[in-house]
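Asks: This is the structure I want to talk about, given as structure tokens.
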Amino acid sequence: MPTQKFEDALKRLEEIISNLEQGDIPLDETVKMFQEGITLAKLCKDKLQSAEKEIQKIIKDTNGEFQLTILS
Amino acid sequence: MAMLIVMDAEPRYTVSEITRLIKTTLEDSFYSVLIQGEISDFKRHSSGHFYFTLKDQHAQLSAVMWRGKNMRLYFTPQDGMKVLAKGRITVFEKSGRYQLDVDTLQPLGIGELQIAFEQLKARLRDEGLFDESRKKPVPVFPETVGIVTSPTGAAIRDIVSIINRRFPGVQLILRPVKVQAEGAAEEIAQAIDEFNEYGAVDVLIVGRGGGSLEDLWPFNEESTARAISRSKIPVISAVGHEIDFTIADFVADLRAPTPSAAAELVVPDAAQEWEKIIQRLRRLYRITTDKFNFLNEKIQLLKSSRALQMPLDLIKQSSLQLDMLSGKLEMSYQNHIKNRIEYLNQLENRINALNPEAVLKRGFSITYRSKDNTIVKESSQLTSGDGVILKFFKGEASGRIEQVN
């Protein structure tokens, strides 16, 4: 899950809510979905709150390799 | 007697001699002239040289513009175009013809850059490069943004500060380029191509701050336009001030009026997004608790409080988790969760209260009619003299009804 994108997490959260709203979902499934929803919200929150990242500079070196360095 | 024409009084030349003299005279007299006229019979030779005629109502002049010179032109000359040509007259001895050897050429009336702009715009539009169907959707939540601009300009500073304010977690990668003067367009095109080769970028911002038409010119060049057009990564153009429109803007998947505006467009506002997530969480809670309430009613009927215990614990734990995660950001929401927990506690108490033992514990007792051992719910079930049994939290007692009211 750490590589899950914000956009996908948000979509899944929306999906869970509409599933819960529509379907006649059994109790254990409801609990599972609820917990997944909380986890997704937490993931989104972490992304939203994540600290400023340092800007990188990309340069293609003479060997044709990409070099990423912190832009000072 | 034949008449002898006496020509000895005049100097006598061979054709070569007179032609050389004409050449010298003309070339010395007209080694730098400005000539105004209309272009006709324009031809671009396969060698790259331009051949055309400059004319007005009464005369015409052959002209040539060599490849080395015409490569510096921003526009392509066309028949009917009024121009100002600077150059020198040269004479070809072999054919006895003279022509204008053009150094520089300027359109008359509207500016050269303007003509070049319109020409390229028309050509690329006809090719379909501006078609809406070609435009790629720009991602709503990019994780990595590539930027093609000068490392020292105002544009990069503006973009970085705005993105960091709106959505600080986004990774920015700058590919520094020259954004004006000769060779800038090629550098920009190369940078876009390289980002595509690198790949791990969700969207590109290509641009620079405001400047003169000449300064912005690299964004009006074909190489820049082509690179934007062939980019697999969506491109946001961000050139100059709001009023400046460049070819890059027409080809880009999204045009931002300024570099700052590009930064606003490329990432959402984190605070607003959090608000949306809170709303979703509220819905999630409402739906889930509604479900539990519904089940709770069923359970009450079944008088089996234990079955509810496990999911209740789970929901409480999750509430606490959420309490922690929403933290400082959303005090009101925290309160909402606290209310939720309180509500769940009350729910638990209510379930406990349903246990008849708990009722008796609080001092209530149950009355049974002795003859059939039924629970007495109303006085009409009894007549005076009936035997009754009273059941307390601890122990029982029996007695006889004296009077029914």
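Asks: Between B:Ala181 and B:Lys276, how many nm apart are label points set 7 Å from Cα along the C-beta direction?
Replies: In this crude spin-label approximation the distance works out to 4.4 nm.
Asks: Sum -39500 (n - 2.57) across every DSSP H segment of at least 4 residues in chain A, then divide by the residue count to get the 222 nm mean residue ellipticity, nearest 500.
Replies: Helix contribution divided over all residues of chain A: -19000 deg cm²/dmol.
Asks: Then there is this: Say R0 is 60 Å: what FRET efficiency, to the nearest 0.05, do B:Ile366 and A:Asp46 get from their beta-carbon distance?
Replies: Efficiency, rounded to the nearest 0.05: 0.60.
Asks: Using a 7 Å offset from the Cα along the Cα-to-Cβ direction at both B:His241 and B:Ser133, what is the distance between the two label points in nm, to one decimal?
Replies: Between B:His241 and B:Ser133, the simple spin-label model gives 3.8 nm.
Asks: Now, a different point. What total accessible surface area, summed over both chains, is buried at the interface between chains B and A, computed with a 1.4 Å probe and given in Å² to the nearest 100?
Replies: That pair of chains buries around 4100 Å² in total.
Asks: Moving to a separate point now. Between B:Ser95 and A:Lys60, what is the label-to-label distance in nm when each label sits 7 Å out along the Cα-to-Cβ direction?
Replies: Label-label distance for B:Ser95 and A:Lys60, simple model: 4.5 nm.
Asks: Return the residues of the range A:38-72 for which accessible area with all protein chains present is lower than in the chain on its own by 50 Å² or more; set the probe to 1.4 Å and exclude ligands, DNA and RNA.
Replies: In the range A:38-72, residues shielded by partner chains: A:Ile38, A:Lys45, A:Leu48, A:Glu52, A:Lys53, A:Ile55, A:Gln56, A:Ile58, A:Lys60, A:Phe66.
Asks: Using the Karplus curve 6.51 cos²θ - 1.76 cosθ + 1.60 with θ = phi - 60°, work out ³J(HN,Hα) for each residue of the range B:391-405 in order, rounded to whole Hz, and write x for Gly and Pro.
Replies: 10, 9, 4, 10, x, 9, 8, 10, x, 10, 6, 8, 7, 9, 8
Asks: Now, a different point. Work out Dmax and Rg for the range B:72-148 from the C-alpha atoms and quote the Rg first, both in angstrom.
Replies: Just the Cα atoms of the range B:72-148 yield Rg and Dmax of 21.5, 71 Å.
Asks: Using a Debye calculation, one point per C-alpha and no hydration shell, please list log10 I(q)/I(0) for the range B:1-160 at q = 0.20 Å⁻¹ in order.
Replies: Rounded to two decimals, the profile gives -1.28.
Asks: Relative contact order (percent) for the range A:6-70, with alpha-carbon contacts under 8 angstrom and 6 or more residues of separation?
Replies: Relative contact order for the range A:6-70 comes out at 30 percent.
Asks: Classify the range B:15-109 as rounded, prolate or oblate from the Cα gyration tensor: take a ≥ b ≥ c as the square roots of its eigenvalues, call it rounded if a/c is under 1.5, otherwise prolate when a/b beats b/c and oblate if not.
Replies: Note, shape of the range B:15-109 comes out prolate.
Asks: What area, in nm² and to one decimal, does the C-alpha convex hull of the range A:6-70 cast on average over all directions?
Replies: Mean shadow area of the hull around the Cα atoms is 6.7 nm².
Asks: Follow-up question, since we're still on this one. Report, by chain and number, residues whose modeled amide H sits under 5 Å from the one on B:Leu174, excluding near sequence neighbours (fewer than 5 apart, same chain).
Replies: Close amide H contacts, sequence-distant or interchain: A:Gln56, A:Lys57, A:Ile58, B:Ile147.
Asks: Just list whichever of B:Lys291/B:Lys394; A:Lys45/B:Lys291; B:Lys43/B:Lys86; B:Lys69/B:Lys135 have alpha carbons separated by over 30 Å in the model shown.
Replies: Long pairs (Cα-Cα over 30 Å): B:Lys291/B:Lys394; B:Lys69/B:Lys135.
Asks: Next question, about the same structure. In µm²/s, what is D for the range B:131-266 at 10 °C and 1.306 mPa s, where D = kT/(6 pi eta Rh) by Stokes-Einstein and Rh is the Kirkwood radius from Cα pairs?
Replies: 111
Asks: What does the accessible area of B:Thr14 come to, in Å² to the nearest 10, when a probe of 1.4 Å is used?
Replies: 70
The values are calculated or read from the model by the stated rules, or taken from the named source; none is laboratory data. As the structure is a prediction and not an experimental result, all values here were calculated from the model. No Cβ is skipped: glycine too gets one built from the backbone with ideal geometry, and neighbour counts run over all protein chains shown. Protein only, heavy atoms only, side chains kept; ligands, DNA and RNA dropped before computing areas. Shrake-Rupley method; radii C 1.70, N 1.55, O 1.52, S 1.80 Å.
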